[in-house]
Amino acid sequence: MKLKISELDSGFKEKFFEIPTINLVDRGTSFKEKTISLNLTLLKKKNYFVLKGVLYTVPEYTCVRCLNTNSIQLELPINIIISKSINKKFIKKNHMNVIYFNDIDTYIECNEIFADLIALAEPMNPLCKTDCSGLCSICGINKKFPCSCKNEASTSKQWDKLKELQI
């Protein structure tokens with residue numbers, strides 16, 4: 001999404017945008033839908049602009065236990081400062097994403113920040129469901145399906161000597 005610098009002063013309120021996911025910077029995220037949706041407001045402040053709103057998307061993640069792909073509906077808050085000058089105190093105080101521009105720039109590219117926000121929303125260990133059983137350790141089939149493997153007690157014998165260990 002590109003914002004023309006010459007049009008920043010006019011601002012906008014509750015404007016709806018759709019961005020093709022192919023236009024986002026690649027952060028390794030795959031998407032169920034081909035677009036992300038944004039509902040944004042651009043406010044003019046004294047020396048800067050504030051871009052606020054919500055990003056709606058449905059990324060797909062691979063379950064760490066069963067390796068199935070599942071999708072999650074995300075609604076991510078957007079809070080970005082667009083500024084001509086660098087003010088480090090302001091950045092630290094407000095903990096916001098900041099986009100800087102100069103007199104040479106004609107537009108501001110926001111897709112990189114949107115891609116970052118989506119990538120940062122990915123769970124550390126995505127699961128298809130909280131009680132996912134994972135894969136069979138012997139044959140590798142998903143445990144939600146029956147497998148022909150026997151729960152072999154012989155594999156536990158290799159650990160018997162450790163159980164006898166006195167610490």
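The values are calculated or read from the model by the stated rules, or taken from the named source; none is laboratory data. What you are looking at is a predicted structure, and each value in this text was computed from that prediction instead of being measured. Methodologically, a virtual Cβ is constructed for each residue, glycine included, from the backbone with ideal geometry; neighbour enumeration extends over all protein chains shown.
Across the range 99-137, which residue is farthest from the chain's Cα centre (by Cα) among those that are among the hydroxyl-bearing types (S, T, Y) and part of a strand (DSSP E or B)? Break it down stepwise before answering.
Just the residues of the range 99-137 that are among the hydroxyl-bearing types (S, T, Y), to begin with: 100, 106-107, 130, 133, 137.
If we keep only those that are part of a strand (DSSP E or B) as well, we get 100, 107.
Numbers: Y100: 23, Y107: 25 Å.
Looking at the filtered set, the residue picked out is Y107.
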- By residue number, the members of the range 138-151 that are surrounded by 10 or more Cβ atoms within 10 Å (Cβ to Cβ) and assigned to a loop (DSSP other than H, G, I, E, B) are I138, G140, I141, K143, K144, C147, C149
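Consider A115 carefully, then state whether it is within 27 Å of T35 (Cα to Cα), crowded, with 16+ Cβ neighbours inside 10 Å and modelled with pLDDT of 85 or more.
Numbers: within 27 Å of T35 (Cα to Cα): yes; crowded, with 16+ Cβ neighbours inside 10 Å: yes; modelled with pLDDT of 85 or more: yes.
So A115 passes the test.
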- Query: Take the residues of the range 13-27 that are surrounded by 14 or more Cβ atoms within 10 Å (Cβ to Cβ) and without any contact (Cβ under 8 Å) to a residue 60 or more places away in the chain: which is nearest to F114 (Cα to Cα)?
  - Reply: T21
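Here is a list: N97, N125. Which entry is among the polar types (S, T, N, Q), within 24 Å of Q73 (Cβ to Cβ) and in contact (Cβ under 8 Å) with a residue 40 or more places away in the chain?
After ruling out the rest, the residue left standing is N125.
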- Within the range 85-109, residues being closer than 17 Å to K2 by Cβ and either at pLDDT below 80 or of a type in the set (S, T, N, Q) (or both) number 3
- Hits in the range 58-77 - residues which are more than 14 Å from K32 (Cα to Cα) and either without any contact (Cβ under 8 Å) to a residue 12 or more places away in the chain or outside any loop (DSSP other than H, G, I, E, B) (or both): E75, L76, P77
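Give me the strands (runs of 3 or more DSSP E) completely within the range 1-48, filtered to those with at least 3 residues that are over 14 Å from N111 (Cα atoms) and either modelled with pLDDT of 85 or more or among the polar types (S, T, N, Q) (or both), ordered by residue number.
Working: elements: 2-4, 12-20, 35-44.
Here the list reads 12-20, 35-44.
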- Tell me, please, whether a residue that is within 16 Å of the chain's Cα centre (by Cα), of a type in the set (A, V, I, L, M, F, W, C) and within 30 Å of L135 (Cα to Cα) can be found in the range 66-76. yes
- Query: Conditions: (1) within 30 Å of I19 (Cα to Cα); (2) more than 19 Å from the chain's Cα centre (by Cα); (3) modelled with pLDDT under 85. S154 meets all but one. Number of the miss?
  - Reply: (1)
